[in-house]
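In what follows, a structure is listed as structure tokens, so that the remarks can point back to it.
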Amino acid sequence: MKNFDKQEILGWAHQVLEIEKEGISDLSKSINGDFLKTIEILSSCTGKIVVTGMGKAGIVGQKFSATLSSTGSSSFWLHAAEAVHGDLGRIEEKDAVVVLSYSGETEEIKNLIPFIKKIGAKIVALTGNTNSNLARYADSVVSVKVNKEACSLGLAPTTSTTAMLVICDAISVILQKIKGFKEKDFAFFHPRGSLGRKLLLKNKDVMRKGRFNPIVGEDTLIKEVLLKITSAHAGAAVVIDKDNKLVGIFTDGDLRRNIDQYPRLLDEAVCVVMTKNPTTVDEEGLASEALKILEKKKIDEVPVVNSGMRPVGMLDIQDLIAAGIV
């Protein structure tokens, strides 16, 4: 940093961004009939979308394959060099092979093409050279040609790999729309991600139960209820009738609101001061929906019940935080 002017460094950064922005802008020329043919081939593929390439283009291809797989298009990455050393057997006739090669003349790619043709799989080319060996044998070609690399020497793949990545993202998103891929589908493939937790976790998965969910009868004295709540490290107790059905909830708020009205409050039955017919959530409901209820009602906990209105747990805002729902 000592030998360079800070403004000069910032200027270089802006220059790279401008070059790459111009490269992306030029891609609009590639959104044409050839692009539509590519979408048709990939959306109608009854096998897997195989993605292959070498070098920096291959790295973009790995990301492309991963994006496809997570958005509803089954795909796998195949290293072009490994393919001709046995991995070619992973490709089937019903597959579509997307080949990423800016020059379209990479030796490993040229060696691979005849064998893919013999297998009978469709070939989609993403290349900067539409007159290349790759383009000649492909079933569809999408140009990712750029005027200038952002590399100061004009040699390292920079703008060209950005262009490839953008086209790959466009293809992925379009296939996602065509397949009707929804949030719940995305969550299914990302069960440990934040969206997966929000869309898949049910109330029964995160609720407090057993000894951590104090349940008392209507006639239980408040001093006994408080002991149960304390023992369970809970913030409230659920109140049930003789049929074990939920009829109320007792919270510290109920205690504070009634302490002046009842001089001997601790010796009163909990049914006297409990909140009757409280808000509840179903055990099969989504935890993300329970969070909305807590926020809307401005409450910290909500009883979880089964289909027979019998309490099976308690859901506290802290449980949702710990589960990553918040």
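Quick check: is even one residue across segment 89-100 more than 20 Å from residue 140 (Cα to Cα), modelled with pLDDT under 95 and not in a loop (DSSP other than H, G, I, E, B)? Show your work before the answer.
Taking segment 89-100 first, the residues more than 20 Å from residue 140 (Cα to Cα) are 89-90.
In the following step, the residues that additionally are modelled with pLDDT under 95 were identified as 89-90.
After this cut, where a residue has to be not in a loop (DSSP other than H, G, I, E, B) as well, the list is 89-90.
Taking every residue of segment 89-100 in turn, at least one turns out to be more than 20 Å from residue 140 (Cα to Cα), modelled with pLDDT under 95 and not in a loop (DSSP other than H, G, I, E, B).
Please work out if residue 76 is in contact with a strand residue (DSSP E or B) (Cβ under 8 Å, 6 or more places away or on another chain) and either assigned to a helix (DSSP H, G or I) or of a type in the set (Val, Ile, Thr) (or both). Working first, answer last.
Numbers: in contact with a strand residue (DSSP E or B) (Cβ under 8 Å, 6 or more places away or on another chain): yes; either assigned to a helix (DSSP H, G or I) or of a type in the set (Val, Ile, Thr) (or both): no.
Taking the combined requirement at face value, the residue does not satisfy it.
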Residues within segment 124-137 that are surrounded by fewer than 21 Cβ atoms within 10 Å (Cβ to Cβ) and touching a residue at least 60 places away in the same chain (Cβ under 8 Å), tallied
0
Selection within segment 16-39 - without any contact (Cβ under 8 Å) to a residue 24 or more places away in the chain, of a type outside the set (Ser, Thr, Tyr) and part of a helix (DSSP H, G or I):
17, 18, 21, 33, 36
Enumerate the pairs (first residue in segment 293-304 and farther than 11 Å from residue 253 by Cβ and basic (Lys, Arg); second residue anywhere and at pLDDT 85 or above and surrounded by fewer than 19 Cβ atoms within 10 Å (Cβ to Cβ)) with beta-carbon separation below 9 Å, excluding pairs fewer than 6 apart on the same chain, so at least 6 apart or on different chains.
297/279
Answer yes or no as to whether residue 140 is polar (S, T, N, Q) and buried (at least 21 other Cβ atoms within 10 Å of the Cβ).
yes
Hey, among 80, 121, 96, which residue is assigned by TED's automatic domain parsing to the domain that holds residue 136, farther than 16 Å from residue 48 by Cβ and buried (at least 18 other Cβ atoms within 10 Å of the Cβ)?
80
Go through (1) out of contact with any Phe, Trp or Tyr (no Cβ under 9 Å at 6 or more places or on another chain); (2) under 23 Å from residue 25 (Cα atoms); (3) assigned to a loop (DSSP other than H, G, I, E, B) for residue 46 and report which single condition fails.
(2)
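The values are calculated or read from the model by the stated rules, or taken from the named source; none is laboratory data. As the structure is a prediction and not an experimental result, all values here were calculated from the model. Here the Cβ is made from the backbone with ideal geometry for all residues, glycine too, and neighbour counts use every protein chain on show.
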